[in-house]
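The values are calculated or read from the model by the stated rules, or taken from the named source; none is laboratory data. Given the structure is predicted, the values throughout are model-derived calculations rather than measurements. Neighbour counts run over all protein chains shown; Cβ positions are idealised from the backbone, glycine included.
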Amino acid sequence: MNNENKEKLGSLENTSVLMKKFDEFGHSALSIDEVYQLIMGLFEIILSKEDETRQSKERAIKMLANSLG
């Protein structure tokens, strides 16, 4: 696993921990820094999902183009 993937995994784990804390205790239990970390972590998840979707669509288009010649 490269460093970038390790950083993403750490960020996602931190986001998961903060979401659990948010679910258990509510938003008032989070500090402003934790809220910021949660928002940034969720933003990273959104970007990652968008990238996965884009890559999947690109693969489908390439496969279709190859099949058509």
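Quick notes on this structure:
- Selection from the stretch 17-39 of residues that are outside any loop (DSSP other than H, G, I, E, B) and surrounded by fewer than 13 Cβ atoms within 10 Å (Cβ to Cβ): Lys20, Asp23, Glu24, Phe25, His27, Ser28, Ala29, Ile32, Asp33, Tyr36, Ile39
- Residues of the stretch 24-69 classified as among the basic types (Lys, Arg) and within 19 Å of Glu13 (Cα to Cα), total: 1
- Pairs with Cβ under 6 Å, 6+ apart, first in the stretch 40-69 and surrounded by 10 or more Cβ atoms within 10 Å (Cβ to Cβ), second part of a helix (DSSP H, G or I): Gly41/Ser11; Gly41/Thr15; Glu44/Ser11
- Filtered residues of the stretch 1-29 (kept if more than 12 Å from the chain's Cα centre (by Cα) and at pLDDT below 65): Met1, Asn2, Asn3, Glu4, Lys6
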